[in-house]
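The values are calculated or read from the model by the stated rules, or taken from the named source; none is laboratory data. On a predicted model such as this, the values are computed, not experimentally measured, just so you know. Counting neighbours? That spans all protein chains shown, and the Cβs are built from the backbone with ideal geometry, glycine included. What goes into the accessible areas is simple: the full protein's heavy atoms, side chains included, and nothing from ligands, DNA or RNA. Shrake-Rupley method; radii C 1.70, N 1.55, O 1.52, S 1.80 Å.
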Amino acid sequence: MMLTFAAAVFFLIITPGPGVMTTAGFGAAYGFRTSLPYVLGLFIGTNLVMLSVMTGLAAVLLSVPGLRLALMTGSVAYLLYLAAKIAFAGARIAFMEAKTAPGVPGGIFLQVINPKAYAVNSSLILGFNYAPESFLFEMVTKALILNAIWVPIHLAWLWAGVSLHRLNLPARSQRALNILMAASMLGVVALALWSAQQVRL
């Protein structure tokens with residue numbers, strides 16, 4: 001059952017979502033070192049979300065309609081901001097030219113308001129009960145497995161973005177790539193919001 005849980009973690013985390021899409025996008029736009037603090041922020045944020053799911057805090061907060069609406073609104077607004085930073089990073093002619101990727105606070109904030117982070121953690125933490133006789137053992141091992149898989153996957157996405165960055169594409173091609181990655185991220189977000197709405201209906 002623990003191996004099944006690990007497999008579920010891998011497939012749920014590796015699929016595109018706001019976290020991995022922004023990781024790859026910032027890697028392509030700014031390179032590895034500049035984007036690494038953002039990934040650290042995502043790591044801290046995803047563990048905060050995991051802890052809130054384990055303790056039941058997330059379920060309590062998300063059961064309040066006003067808070068749930070605020071979470072979704074804040075998520076969409078911040079993701080639009082991140083998409084704009086990716087789309088216009090390094091652009092010579094743009095309404096905003098982003099010089100640096102968001103740092104640790106930006107990564108934490110994204111995960112705290114990221115609907116996919118709550119959905120993934122809830123399904124993994126609550127959907128696999130392989131040690132019902134020891135709640136603490138199960139939660140600790142789940143946290144270790146989640147982090148052991150989360151870290152290399154996000155570093156791989158960051159490296160994929162960096163690899164595109166290192167191609168040294170012409171300015172026009174780089175701008176087009178940034179816009180494409182930003183649009184892809186927004187597409188994933190729109191799909192997630194649509195799915196959440198269908199579940200509520």
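Could we say that Leu126 is open to solvent by 40 Å² or more (accessible area, probe 1.4 Å) and either farther than 18 Å from Phe10 by Cα or of a type in the set (Asp, Glu) (or both) here? Reasoning before the result, please.
On the way: open to solvent by 40 Å² or more (accessible area, probe 1.4 Å): yes; either farther than 18 Å from Phe10 by Cα or of a type in the set (Asp, Glu) (or both): no.
Considered against the rule, which asks whether it is open to solvent by 40 Å² or more (accessible area, probe 1.4 Å) and either farther than 18 Å from Phe10 by Cα or of a type in the set (Asp, Glu) (or both), Leu126 comes out as no.
Among the residues of the stretch 90-118 satisfying the criterion of being modelled with pLDDT under 80 and assigned to a helix (DSSP H, G or I), which is surrounded by the most Cβ atoms within 10 Å (Cβ to Cβ)?
Lys116
Starting from residues that are more than 18 Å from the chain's Cα centre (by Cα) and open to solvent by 60 Å² or more (accessible area, probe 1.4 Å), keep the ones in the stretch 131-152 and report whichever is farthest from Ala24 (Cα to Cα).
Only one residue fits best here, namely Glu133.
In the stretch 52-79, what count of residues is obtained for those that are in contact with a Lys or Arg (Cβ under 8 Å, 6 or more places away or on another chain) and β-branched (Val, Ile, Thr)?
So the answer is 0.
Pick from the stretch 1-26 the residues that are of a type in the set (Ser, Thr, Tyr) and either out of contact with any Leu (no Cβ under 8 Å at 6 or more places or on another chain) or over 13 Å from Ala156 (Cβ atoms) (or both): which of them is least open to solvent (accessible area, probe 1.4 Å)?
Out of the qualifying residues, it is Thr22.
List, please: which pairs have Cβ atoms under 8 Å, are six or more places apart or on different chains, and start with a residue in the stretch 58-83 that is closer than 20 Å to Leu124 by Cβ and part of a helix (DSSP H, G or I) and end with one that is open to solvent by 80 Å² or more (accessible area, probe 1.4 Å) and not hydrophobic (A, V, I, L, M, F, W, C)?
Partner pairs satisfying both residue conditions: none exist.
Could you grab me the full set of residues in the stretch 30-77 that are surrounded by 18 or more Cβ atoms within 10 Å (Cβ to Cβ), of a type in the set (A, V, I, L, M, F, W, C) and at pLDDT below 80?
Leu71 - this is the single residue of the stretch 30-77 that is surrounded by 18 or more Cβ atoms within 10 Å (Cβ to Cβ), of a type in the set (A, V, I, L, M, F, W, C) and at pLDDT below 80.
Taking into account only those residues within the stretch 153-180 that are in a helix (DSSP H, G or I) and open to solvent by 70 Å² or more (accessible area, probe 1.4 Å), which is modelled with the highest pLDDT?
First pass over the stretch 153-180, keeping only residues in a helix (DSSP H, G or I): 153-165, 171-180.
Subsequent filtering for residues that are open to solvent by 70 Å² or more (accessible area, probe 1.4 Å) retains 159, 165, 172, 179-180.
On the way: Trp159: 92, His165: 69, Arg172: 74, Ile179: 77, Leu180: 77.
Ranking the candidates gives Trp159 first.
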